[in-house]
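For reference, the structure is listed below as structure tokens.
Bear in mind these aren't lab numbers, they're just calculated from the coordinates by the rules spelled out. Here the structure is a predicted model, which is why all the values come from computation and not from measurement. Because the Cβ atoms are built from the backbone with ideal geometry, glycine has one as well, and the counts that use them run over all protein chains shown.
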Amino acid sequence: MTQLRTGALSDTGKIRKRNEDAHLVQLSQDIKKLAVADGMGGHQGGHIASRLALEVIDNFSINGDSLKEDMGKAVYKANEEIIARASSDPELEGMGTTITFLGINENKALVTHVGDSRLYLFRKGRLQRITRDQSLVEEMVRQGKLSTEEAAIHPQRNVLLQALGVEEDIEVEFYELKMQQGDLFLLCTDGLTGPVSDEEITQIIKKTANLQKSAEEMVELANARGGHDNITVVLCAYDGE
């Protein structure tokens, strides 16, 4: 049996009136599901979009023999459901959400990703970002038009190139990983990665094996830096079979 430990926390932050983030930790099925979603847009719709996306993913049947196909179908289904909900309510027009969804089947992990929420892998003392932001500034960095440091403070750093609920045609990115004993995954929204550096995240992870305490400390640090956005952290450690 796959041995996993988790910790998770979602917080409104210091400025926003509503938490439009959502997260999922589902370990009771053969395929373990962990996800974060950062909702946006619409008169009241950001929190609806993020929660709807995770509801679809939570209820979607995923088979280990067709993991990539089924996880992709779940994300596309979530996109369709958000578009349909927005079409039925004028106040929800324009709502959307990011999605970073980790599926674990024994010692194999697959990530599906749309938007700029992130998944990191902490392995052998090193933190590595696995996903790439589908954002304007990330594209400019790839093209050599911006440095990473310039992107972090760019006024258009929150402009997304893709999100669920915006268009019927979306490009879902997939990342496949073979897990090693001791691996730790971090899924998070940009409310964490905006104010808190990768080095600071690494130090928090190294400090304790208690993942709930680590999640709480990350959120606390983001809030101490102003808490300008909603903050969501999901941690998952793989202790082997």
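Numbers at a glance
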| quantity | calculated |
| --- | --- |
| Gain on full stretching of the segment that runs from Lys108 to Asn63 - 0.36 nm per residue minus C-alpha separation | 14.9 nm |
| P(r), alpha carbons of region 1-140 - 5 Å bins starting at zero, rounded % | 2, 9, 18, 21, 20, 15, 9, 4, 1, 0 |
| Rounded if a/c under 1.5, otherwise prolate or oblate - region 157-241, Cα gyration tensor axes | oblate |
| Relative contact order (%) - criterion: Cα under 8 Å, at least six apart; region: region 55-127 | 22 percent |
| Computed magnitude of the charge dipole of the chain (debye, nearest 20; Cβ of K, R +1, Cβ of D, E -1) | 800 debye |
| Phi-based couplings in Hz for region 100-112 (Karplus 6.51, -1.76, 1.60; Gly and Pro marked x) | 10, 10, 10, x, 10, 10, 6, 9, 10, 10, 10, 10, 10 |
| Spin-label zone in region 115-136 - amide nitrogen under 18 Å from a point set 7 Å from the Cα of Gln203 along the C-beta vector | 125-128 |
| Dipole magnitude of region 1-74, debye to nearest 20 (Cβ charges: Lys/Arg +1, Asp/Glu -1, about Cα centre) | 340 debye |
| Residue-averaged [θ]222 nm for the chain, counting only DSSP H segments that reach four residues, each worth -39500 (n - 2.57) | -9500 deg cm²/dmol |
| Phi to ³J(HN,Hα) by Karplus 6.51 cos²θ - 1.76 cosθ + 1.60 over region 198-205, Hz, x for Gly, Pro | 4, 5, 5, 4, 4, 5, 5, 4 |
| Per-residue ³J(HN,Hα) for region 179-193, Karplus 6.51 cos²θ - 1.76 cosθ + 1.60, θ = phi - 60°, Hz, x for Gly and Pro | 6, 10, 4, x, 4, 9, 9, 10, 10, 7, 8, 6, x, 8, 6 |
| In Å, descending, principal axis extents of the Cα set of region 85-182 | 49, 35, 19 |
